[in-house]
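Student: Here it is: the structure, laid out below.
Bear in mind these aren't lab numbers, they're just calculated from the coordinates by the rules spelled out. In this text the structure is predicted, and so the values were computed from the model without any measurement. Cβ: placed from backbone, ideal geometry, glycine included. Neighbour counts: every protein chain shown.
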Amino acid sequence: MSRAFKAVITRDLRLAARRRVEALLPLAFFGVAASLFPLGVGPEPQTLRIIAPGVLWVCALLSTMLSVTQLYAGDHADGSLEQMLLSGEAGLLIALAKALAHWLVTGLPLVLIAPLFGLMFDMSVAGIAMLTLTLLLGTPILSLLAGLGAALTLGLRSSAVLLILLVLPLCIPALIFGAGGVVAVESGLSARGHLSLLGALLIFTVLLAPPATAAALSIATE
Amino acid sequence: MTEKSLAVDPGALPTLAVAGLACRRGDRLLFEGLDFAVRPGQIVWVRGRNGQGKTSLLRLLAGLSAPAAGVVTWGGVPLRAAGAAFKQRLVYLAHANALKEDLTVLESLQFLARLHGRDTSVASLEAALRRLNLHSRRRAPVRTLSQGQRRRVALARLLIETGPSLWVLDEPYDALDAEGSAVLDAVLSSHAERGGSVVLTSHLPLAVARPAPTVLELGVA
């Protein structure tokens, strides 16, 4: 692993640890939003079981979007971003490191806490396992796309609105195949097709998002 | 040819040369037809009134932005082609200090050193901070520092440089007191002596005596 890659990840994790409340906000949002659904929809176990995959996936998607605007804005404002781009290592490694750090702080906790909410929605064990698996494959896609959106809207006015408009549509395939896989398992079907597509989507994003992000970053700092 | 000479002597610093450089910000042409070179051991002092494009010029020299016309070369190779070989020998200090409020002084410096592949041993970082009189604050979060102290942390980056490199410094004397300025003068002198080169802007007269700075005046055509 390259030194700049490691340096950026270590620093971002350390920064998140220094601001725990802010770092845990997406997780708290996920918890609150998912808990509100049974209250709003009604406690009927049958209904909850049916809506659970979609609700949990949408909540995960929205809570990932919460922290997106700050992904590069801070580094851009204080000059750290320029230093990263001048490190002599490829910009895509920096983009990859930022996305990985973002995933470790927001995505991974969601994956770990999702089974708990699966239980709350009375999902089957197989359904919960599939929910965790699809989130494990899907949340890195969200972090990578979030990084791309944040880089593209860097330094623009009303960038938050643009960012949501830009990133959310790109996230929809992950949402469809992620939630679809869980629904399939819940209704006793095989989720292999969904998983394959989600995996393909992850590979596609890992390959394409970092170079695009790097290009956007060097345009933004110009 | 240049690449060959680089291979023979990796220690010597290539020359940064500028030919016919023009910079445009929006509709305004900041400067054009700029030609100069920064040789090893040379300190170039870029002067000019506010808004004449000093910072823009430094960003062009660091390869952060692309010129409207002309070319910046590093040992005869355009910056874009020189890529990592150039960046590894560049220290760019912008107006912003590139420090994170929530990290401690030592952590901030360590991050910058690691990012640029410099010596990250605590001993060398602490020595740099000691010379800038920040040693007692090394475990303090950056947010508790004054502007002058923040500038010193950013400048500590220069003190961990060992080999000859190209320093591009935007107003390095900003917010520094007399003592800090004296340390920076000494650091610049010794850097030039060991074959490093410096391009800097400063609105105050430069006190560096050896080597005498080459003045580049912007906006007097």
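Student: Could you identify the single residue in A:Thr106, A:Thr139, A:Thr132, A:Thr153 that is closer than 30 Å to B:Arg59 by Cβ, away from chain B (no Cβ under 14 Å), of a type in the set (Val, Ile, Thr) and under 18 Å from the mean Cα position of the chain (by Cα)?
Tutor: A:Thr153
Student: Do any strands (runs of 3 or more DSSP E) entirely within the stretch B:136-221 hold 1 or more residues that are surrounded by fewer than 18 Cβ atoms within 10 Å (Cβ to Cβ) and in contact (Cβ under 8 Å) with a residue 24 or more places away in the chain, and if so, which?
Tutor: B:214-217
Student: What residue, among those in the stretch A:67-82 that are buried (at least 23 other Cβ atoms within 10 Å of the Cβ) and within 11 Å of chain B (Cβ to nearest Cβ), is nearest to the chain's Cα centre (by Cα)? Give the steps one after another, and end with the answer.
Tutor: Here is the first cut: in the stretch A:67-82, the residues buried (at least 23 other Cβ atoms within 10 Å of the Cβ) are A:68, A:71-72, A:75, A:80-81.
Next, only the ones that are within 11 Å of chain B (Cβ to nearest Cβ) stay: A:75, A:80-81.
On the way: A:Asp75: 20, A:Ser80: 23, A:Leu81: 21 Å.
Result: A:Asp75.
Student: Name the residues in the stretch A:10-41 that are within 14 Å of chain B (Cβ to nearest Cβ) and of a type in the set (Gly, Ala, Ser), would you?
Tutor: Result: A:Ala16, A:Ala17, A:Ala23.
Student: Could you tell me which numbered condition B:Ala94 fails, if it satisfies all but one of (1) touching a residue at least 60 places away in the same chain (Cβ under 8 Å); (2) more than 14 Å from chain A (Cβ to nearest Cβ)?
Tutor: For B:Ala94, the exception is condition (2).
Student: In this structure, is A:Leu104 in a helix (DSSP H, G or I) and within 13 Å of A:Ala52 (Cα to Cα)?
Tutor: Working: in a helix (DSSP H, G or I): yes; within 13 Å of A:Ala52 (Cα to Cα): no.
No.
Student: Okay, moving on. For the stretch B:32-56, which residues satisfy the criterion of being away from every other protein chain (no Cβ under 14 Å) and closer than 19 Å to B:His95 by Cβ?
Tutor: Within the stretch B:32-56, B:Val44, B:Trp45, B:Val46, B:Arg47, B:Gly48, B:Arg49, B:Asn50, B:Gly51, B:Gln52, B:Gly53, B:Lys54 meet the criteria.
Student: Same structure again: Among residues belonging to the stretch A:24-61 that are small (Gly, Ala, Ser) and within 21 Å of A:Cys171 (Cβ to Cβ), point out the one that is surrounded by the fewest Cβ atoms within 10 Å (Cβ to Cβ).
Tutor: A:Ala28
Student: Further question on the same structure: Only one of these is more than 18 Å from the chain's Cα centre (by Cα) and either within 14 Å of another protein chain (Cβ to nearest Cβ) or among the aliphatic types (A, V, I, L, M) (or both): B:Leu106, B:Leu132. Name it.
Tutor: B:Leu106
Student: Count, please, the residues in the stretch A:136-164 that happen to be in contact with a helix residue (DSSP H, G or I) (Cβ under 9 Å, 6 or more places away or on another chain) and over 25 Å from A:Ala114 (Cα atoms).
Tutor: To start, the set of residues in the stretch A:136-164 that are in contact with a helix residue (DSSP H, G or I) (Cβ under 9 Å, 6 or more places away or on another chain) comprises A:136-156, A:159, A:162-164.
From what's left, over 25 Å from A:Ala114 (Cα atoms): A:148-156, A:159, A:162-163.
Number satisfying all stated conditions: 12.
Student: Scan the stretch B:120-135 residue by residue and report those that are in a helix (DSSP H, G or I) and touching a residue at least 40 places away in the same chain (Cβ under 8 Å).
Tutor: The answer is B:Arg131, and nothing else.
Student: May I ask you to say which residue of A:Leu163, A:Leu116 is part of a helix (DSSP H, G or I) and more than 26 Å from A:Leu93 (Cα to Cα)?
Tutor: Of the residues listed, the single one that is part of a helix (DSSP H, G or I) and more than 26 Å from A:Leu93 (Cα to Cα) is A:Leu116.
Student: Shifting gears a bit: Would you pick out the residues in the stretch A:168-222 that are free of Cβ contacts under 8 Å to residues at least 24 places away in the same chain and within 14 Å of chain B (Cβ to nearest Cβ)?
Tutor: A:Ile219, A:Glu222
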